Structures are given as C-alpha cells and as structure tokens.
Amino acid sequence: MNQNQTADLLKRSMPFQTVPGEMLEAIAKLARYESYARGDVIYHQGDFADDVFIVSSGAVQHTLGIGFQATHPEKIVRSGGVFGWAAVLDNQRTRMAKTVCMERTELIRINGEELINFFKATPETGDIVMSRFATMINKEYTMPEEVAGHVPHFTQVPVTVATGLSLTMFRLSQWLKSPKPYLMMTGFGILLATWYLAVEVWKLPRFADMPGLTTVMKEWFSKDPVYGLSIWTPEYYQHIWVSVRRILIAFFLATVLGVPLGLFLGWSKTFREYVFPVFETLRPIPILAWVPLAIIMFQGSETPVIFLTFLASFYATALNTMLGVETIDESYSRAAACLGASKWQVFREVIVPGAMPFMFTGLQISIGVAWFSLVAGEMVAGEYGLGYVINTSYTMVRYPTIVIGMITLGIVGYVSSALVRMAGDYMMQWRVRELALGGR
Amino acid sequence: MISKRLTKSLFSRSNLRAVIAIFVFLVLWEVGSRSKDWFGFPMPWVGHVPPPTAVLVAWYGLLGDPGYWQSWYMSTLRVLAGFLAAMVIGIPLGLFMAVNKTFHGIVFPSFEVLRPIPPLAWVPASIIFWPTQELSIAFVTFLGAFFTIVINVLGGAKSIDPRFFQSAQSMGSSQWDVFRRVVLPATLPSIVVGSAVGMGITWEVVVAAEMISGGGGTTGSGGGLGFFIWNSYVGGSYEQIVVGMISIGIAGFVCSELLRKLGGYLTPWLRKR
C-alpha cells in the first residue's frame with residue numbers, strides 16, 4: 001500500500017475528511033500498513049492503547065467490554081471505519097474493547113502519541129480532527145462526556161465556536177447576500193435624491209428656501225466654511241463636547257439618584273405611598289415647561305440646562321426601575337425570606353438583580369429623553385452646544401449650519417443610545433442565556 | 001351601602017398618605033420660598049420659586065382672563081392638529097411596513113436615520129419651510145408623535161404570532177382579510193399605547209416649539225400655553241410661570257387619560273376584570 005492510497009483511505013475516514021491534502025500525506029507517513037487473517041485478535045480489552053486503526057478492506061468485530069455503557073456494544077467496522085481511538089485520549093490509554101478480524105483484513109495503524117505530537121504543530125486542523133473523534137465517541141456511548149471530554153485540545157479557543165471577528169464577518173457576508181442592504185441603499189437614495197432634486201434642481205415652491213444637499217455637504221466638509229462651522233473647525237467639536245458633557249453629567253446624576261429611588265419605591269410600600277403621589281403630581285408637567293423656572297432657580301446658563309436634562313432622565317430611570325421591581329414575582333422574595341435572608345439580603349440578592357432588565361430599558365429611554373430636553377434647553381437658555389448652534393444659525397441666517405447641527409445631533413444621539421444598549425446587553429447576558437435556555 | 005364603600009375607599013390608608021405627602025410637599029415649598037421673609041436667609045434654589053399661595057392667588061386672578069383661556073385653546077388646537085396628522089400618516093405607514101417586507105427594507109433604515117434627531121431640532125428648519133408659524137409648530141408637534149406611533153405600531157405588528165397568519169391563510173383568507181381580522185386587532189393595543197405616549201410627547205414639544213418660535217400670535221397672551229409661560233418669564237411675573245406649568249400638566253394629563261379611556265373602549269379584551 002503506497003503513500004497515496006493511504007492518504008486516500010484517510011480522506012475517506014470520518015475524522016480526517018476535512019484535513020487538507022498535503023497534511024494528509026504527512027499523516028500517511030506516520031501510518032503503518034498491516035494485514036490480518038480471519039480470526040486474528042488485534043487487541044484485547046485492558047491492553048495498552050498505542051495505535052488508532054483505520055480499516056482498508058475486510059471486516060473487524062468490535063466488542064466493547066462490560067462496564068462501558070455503549071449504544072451498541074457490538075459493531076462491525078468495515079472499510080473506511082475507525083477504531084481504537086482510546087490511543088488519542090489524554091487520560092486513559094487502555095483498550096475498552098476486544099477486536100477480532102472476521103475475514104482477511106487490511107488496515108493501517110497510526111501511533112496515537114505521534115498523531116497528537118503532529119497536531120500540536122497545526123493546532124487548528126488538529127482540533128477539527130479531534131472534535132470529529134469526539135463526535136464519533138458521542139455517537140457510540142450513552143455517557144459520552146466522560147470519554148469524549150478527554151479528547152485533547154490544541155488551540156486555546158475551540159474552533160467549533162465562531163467568535164469575534166470571524167462571527168462578524170460571517171454575519172456581514174450573510175447580510176450582504178440578503179436583499180436588505182440594497183433596499184436600504186434604495187431608501188437612502190430616494191431620501192437624498194428627493195432632497196437634492198426638490199431643493200436644488202426643481203426648486204419647488206417652499207423647498208427653494210431650504211439648504212440643499214450639496215450646499216450642506218460642501219459646508220460640512222469644507223476646510224474654509226462660509227458660515228464658520230465644519231468638521232475642520234475646532235468650534236464644531238467644542239459644541240459637540242459641551243453637549244456631550246452636559247448629557248454625561250445629567251445622565252450620571254439621573255442614574256445615581258433615579259435607580260435607588262426607583263428601587264425603594266418598588267420595594268417599600270410605605271415609602272411609595274408617601275413619595276409616589278408627589279412624583280406623579282409633578283410628572284405630567286412637560287420638562288420643557290420647566291425652562292423658565294429652571295433659569296430662575298439656578299443662576300447662570302449651564303446649570304439650568306443640566307437640570308432640565310437631568311429631570312427628563314430622572315423620571316424615566318426612576319419609573320422604569322420601580323416597574324422592574326414590581327414585575328418581580330413575590331415568591332422569590334418569600335423564598336429568600338424562608339431561607340433566612342434578612343431584609344437587606346432580599347433587597348441585594350433579589351430586588352436589585354430582578355429589576356435590572358427594566359432598569360436598562362429605563363436607561364435607554366433616559367438617554368433618549370436626555371437629548372430631547374437638552375436640545376430644548378440649549379435652544380432657549382444655553383451658550384454653546386448643538387441646540388445652541390441650531391438656534392443661533394437660524395437667527396443669524398446660516399441655514400446650512402442648521403442642517404449640520406441636526407445631522408450631528410442625530411449621530412451623537414444615536415451613538416450614545418447604542419452605547420447604553422450595548423452596556424445593557426453586556427450586563428444582561430445572564431438574562432439572554434436564561435431566555436435561551438427556557439426555550440422562549 | 002355604596003356610600004359606605006365609597007367613603008372607605010376614599011379614606012383608605014394609601015389615599016390618606018398621598019394627601020399627607022402632597023400637603024407636606026406644599027408646606028415645604030411654601031416655607032422654602034418664603035424663607036427669606038420669614039427667617040432672613042434665602043433657601044438655595046427653592047428660594048427663587050414663588051410660593052404656592054401666591055401661585056393660587058395669581059391663578060385665581062387669571063381664571064377670568066380670556067387671554068389665559070385663549071392660550072389653552074391655541075395649544076390644544078396645535079396638539080390636536082399635530083397628533084391627528086401623526087395618527088393619520090403614522091398608523092398606515094407602520095402597518096404597511098409590517099406587512100410588506102420590501103417597503104420595510106426601503107423605508108425603515110431612512111426612518112431610523114431621521115429618528116434620533118430630537119423633534120425640537122427641527123424647529124428652525126420647520127419655520128423656514130412652512131409659510132405660517134402655525135403650520136411650523138404643528139409640524140414639529142407632528143414629528144414628536146409620529147416616530148413614537150410608527151415604532152409602536154410596527155413593534156406591535158411584528159410581535160404577532162405567525163401561526164395566526166398561517167391559520168387564517170389556510171382557511172382561505174385574502175390578504176385584506178388577514179389585515180382586517182388579524183393584523184389590525186392585534187396591533188390595536190400597541191396603537192393605543194403609542195398614541196398615549198405620543199400624546200405626552202406632543203405636549204412636551206408644543207410647549208417648547210411655542211417658546212422658541214414666539215408663539216405665532218404677536219399679541220402677548222394669545223400664543224398658547226408655552227408662550228404664556230415664556231411671556232410671564234420675560235415679563236417677570238414668576239407666579240404665572242408656575243400657573244402655566246400646572247395648566248400644561250393638567251392639559252397633558254387629561255389628554256393622555258382620555259386617550260387611554262378611548263383605547264380601553266376600543267380594546268375591550270384587554271380590560272382588567
């Protein structure tokens with residue numbers, strides 16, 4: 001049996017199917033050819049397991065020893081079949097079965113140690129082969145973890161689980177194959193074309209006064225903007241930074257104050273009966289109706305804007321956290337109390353994690369309304385900031401800058417919401433897993 | 001018998017506590033804002049706010065003022081105009097996006113790109129675009145409710161169990177039947193929720209739009225509640241600011257409650273028994 005035939009045989013066997021050609025040849029060099037007559041015993045149960053066998057022709061009866069719970073204690077291995085994989089396990093190198101040739105049999109045998117050493121040099125391929133061995137073992141045993149768990153691993157990351165970049169690339173390629181991106185492009189195309197044509201080409205009655213697509217883009221990316229604001233001017237980033245800073249402060253305060261308030265409102269009935277009515281009386285007043293009062297209460301121009309932004313976020317956070325506590329099944333608290341948990345322990349171990357999902361919904365809403373009221377506050381009372389840019393650009397007839405401000409607001413707002421959502425998803429992984437395991 | 005039950009529920013412990021809490025809140029507010037006169041040192045923040053008694057007096061004076069009621073009328077009109085436009089355009093758009101995948105693929109991304117822009121950022125652009133101030137304010141109010149309604153309708157329609165469609169189709173329903181008998185009743189609850197939330201946003205937006213754009217009317221108090229507040233601020237009558245705030249709170253609350261009641265009437269199967 002020559003090298004090529006051996007490689008072909010390996011290619012037909014289950015574990016080596018996916019191994020590339022040149023590696024197969026290298027593995028074929030490790031293989032030794034042997035032939036047995038009818039009735040020959042290849043190994044007994046309890047022998048030291050040195051080699052893995054692949055049948056070329058003939059038939060081998062494979063009888064598992066008592067004590068190994070197999071789905072089929074007896075099987076016949078024929079051409080292309082693999083047996084004797086105890087040689088590649090890392091804990092147990094004894095034969096679990098007895099193998100007898102039923103007719104004249106030709107086979108190749110590969111030393112387990114040598115095979116493992118070989119794969120150490122090419123861990124990716126090695127892990128694929130070993131995972132295929134593990135699959136084989138899983139099929140044969142009713143208690144497979146015990147055995148298959150000892151199939152060696154070569155790489156740090158199991159290759160069967162796609163992670164990080166490869167997963168992203170896979171999803172990207174799937175997405176590109178679907179009609180979605182092309183429909184999306186069509187949608188954007190229609191939107192931008194309508195804008196461009198209506199304003200700059202056809203000059204429709206009301207549209208003619210609006211800043212056109214090309215005007216806005218030229219201004220936005222111009223190194224020497226007509227109205228003084230583009231991606232090349234430092235003022236642009238200063239405005240963004242001022243707005244973001246206000247959002248950060250307000251969002252932080254709203255979270256730090258709103259989450260505990262919401263937790264206590266949901267947790268203690270007495271507390272809620274006293275505090276919630278006041279909360280509910282104040283809540284219908286639109287945040288933006290607070291603007292003048294905020295200016296009166298907090299002197300200066302910075303604090304009122306932050307206060308308005310904070311107020312909007314605060315309501316959303318506190319209310320959603322409270323709802324979250326209310327949705328917790330009361331039997332959890334009771335069960336914990338039965339097991340001897342103190343009130344504080346129930347609060348920490350049941351109430352807080354139980355309210356988490358709603359809390360993050362609240363934070364997502366909170367960041368949205370924060371931008372909403374920040375813009376209003378900046379337009380009326382602010383100095384600097386994106387809302388201020390939009391408003392002053394209007395009063396000073398810098399129409400393209402209005403649109404630049406709007407687009408920037410959209411982008412920054414979207415990014416901040418996405419960040420909060422990602423943080424939430426990251427911290428809510430246990431919940432996603434729980435939902436997945438529940439089959440819901 | 002009924003009166004006894006009524007008194008019992010009226011004077012329940014939770015209601016009693018609510019009254020106590022609001023009373024304490026008002027007293028603290030009163031003391032806080034009068035602390036400069038009474039104790040000689042002003043409280044931070046609250047010290048600048050007019051006390052509730054003064055607000056009540058100012059409110060009482062305004063009750064006979066037609067200009068105040070005109071503000072109510074103007075704001076309500078604008079809210080209704082923007083809100084109705086958002087319903088009329090938003091609900092069919094949301095439903096159509098839910099039913100037709102191609103349309104969803106084309107429109108939804110553009111929709112999502114425009115959505116993060118806060119409605120108030122549209123105010124200047126809207127003033128430039130629309131011929132009258134009235135229309136521009138209504139447009140911004142429309143935007144406020146529009147996105148919320150569409151997202152809610154779409155979400156509601158997407159969460160329908162696909163087996164409902166399959167069973168309706170297997171029993172020979174036409175596309176229209178599926179829409180009329182499955183999609184519409186299934187999305188009705190989310191339409192109601194979206195509308196109620198949208199109504200709240202509409203009131204938020206109308207106030208700000210009135211403040212920023214100057215209210216439409218040149219004659220002081222005729223320009224809606226938002227302008228009423230802003231005018232009171234500029235004129236220095238701080239009590240009236242608070243009156244305006246409370247008025248808007250009441251108006252928004254009443255509108256949302258009416259909408260919820262109407263929604264409950266439209267979706268009787270969701271009523272709690």
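The values are calculated or read from the model by the stated rules, or taken from the named source; none is laboratory data. Please read these numbers as outputs of a predicted model, since none were measured by experiment. Cβ: placed from backbone, ideal geometry, glycine included. Neighbour counts: every protein chain shown.
Go through B:LEU56, B:LEU95, B:LEU84, B:LEU26 for me and flag whichever is closer than 30 Å to B:VAL153 by Cβ and free of Cβ contacts under 8 Å to residues at least 40 places away in the same chain.
The match here is B:LEU84.
Answer yes or no as to whether A:GLY266 is at pLDDT below 90, under 36 Å from the mean Cα position of the chain (by Cα) and not hydrophobic (A, V, I, L, M, F, W, C).
yes
Filtering segment A:185-203 down to residues that are surrounded by fewer than 15 Cβ atoms within 10 Å (Cβ to Cβ) and within 11 Å of chain B (Cβ to nearest Cβ), which residue is farthest from A:PRO400 (Cα to Cα)?
Of everything passing the filter in segment A:185-203, A:MET185 is farthest from A:PRO400 (Cα to Cα).
Could you please find all residues in segment B:25-53 being aliphatic (A, V, I, L, M) and in contact with a Ser or Thr (Cβ under 8 Å, 6 or more places away or on another chain)?
The answer is B:MET43, B:VAL46, B:VAL49.
Check A:PHE276, A:PHE347, A:PHE252, A:PHE314 and return the single one that is within 14 Å of chain B (Cβ to nearest Cβ), in a helix (DSSP H, G or I) and of a type in the set (A, V, I, L, M, F, W, C).
A:PHE276
Name the single residue that is modelled with the highest pLDDT among those in segment B:227-239 being more than 7 Å from chain A (Cβ to nearest Cβ) and on the phi < 0 side of the Ramachandran plot.
Filtering first and then ranking leaves B:GLU239.
Identify all residues within segment A:285-311 that are within 11 Å of chain B (Cβ to nearest Cβ), of a type in the set (Val, Ile, Thr), assigned to a helix (DSSP H, G or I) and crowded, with 23+ Cβ neighbours inside 10 Å; write none if there are none.
A:ILE287, A:VAL291
Here is a check on your reading of the model: is A:PRO357 modelled with pLDDT under 85 and in a helix (DSSP H, G or I)?
yes
For residues that are polar (S, T, N, Q) and at pLDDT below 90, scanning just segment A:169-193, find the one that is farthest from the chain's Cα centre (by Cα).
Only one residue fits best here, namely A:SER178.
Step by step: first the residues of segment B:241-263, then only those that are in contact (Cβ under 8 Å) with a residue 12 or more places away in the chain and small (Gly, Ala, Ser), then the one that is surrounded by the fewest Cβ atoms within 10 Å (Cβ to Cβ). Which residue is that?
B:GLY263
Kindly list the number of the only condition in (1) crowded, with 20+ Cβ neighbours inside 10 Å; (2) outside the structural domain of B:VAL197 (by TED's automatic domain parsing) that fails for B:SER126.
The one condition B:SER126 does not meet is (2).
So is B:TRP203 touching a helix residue (DSSP H, G or I) at 6+ places or on another chain (Cβ under 9 Å), surrounded by 24 or more Cβ atoms within 10 Å (Cβ to Cβ) and in contact (Cβ under 8 Å) with a residue 60 or more places away in the chain or not?
Taking the combined requirement at face value, the residue satisfies it.
In this structure, does B:VAL242 turn out to be within 14 Å of another protein chain (Cβ to nearest Cβ), at pLDDT 85 or above and either within 20 Å of the chain's Cα centre (by Cα) or over 27 Å from B:GLY61 (Cβ atoms) (or both)?
In short, yes.
Is at least one residue of segment B:126-143 closer than 21 Å to B:MET97 by Cα and within 13 Å of another protein chain (Cβ to nearest Cβ)?
yes
Just one of (1) facing another protein chain (nearest Cβ under 7 Å); (2) part of a helix (DSSP H, G or I) trips up B:ILE117, so point out which.
(2) is the only condition that B:ILE117 fails.
Residue by residue through segment B:24-46, note down the ones that are assigned to a helix (DSSP H, G or I) and surrounded by fewer than 12 Cβ atoms within 10 Å (Cβ to Cβ).
B:VAL27, B:ASP37, B:TRP38, B:PHE39
Failed condition for A:PRO234, given (1) in contact with an Asp or Glu (Cβ under 9 Å, 6 or more places away or on another chain); (2) of a type outside the set (Asp, Glu); (3) assigned by TED's automatic domain parsing to the domain that holds A:TRP371, with all others met?
Here A:PRO234 clears every test but (1).
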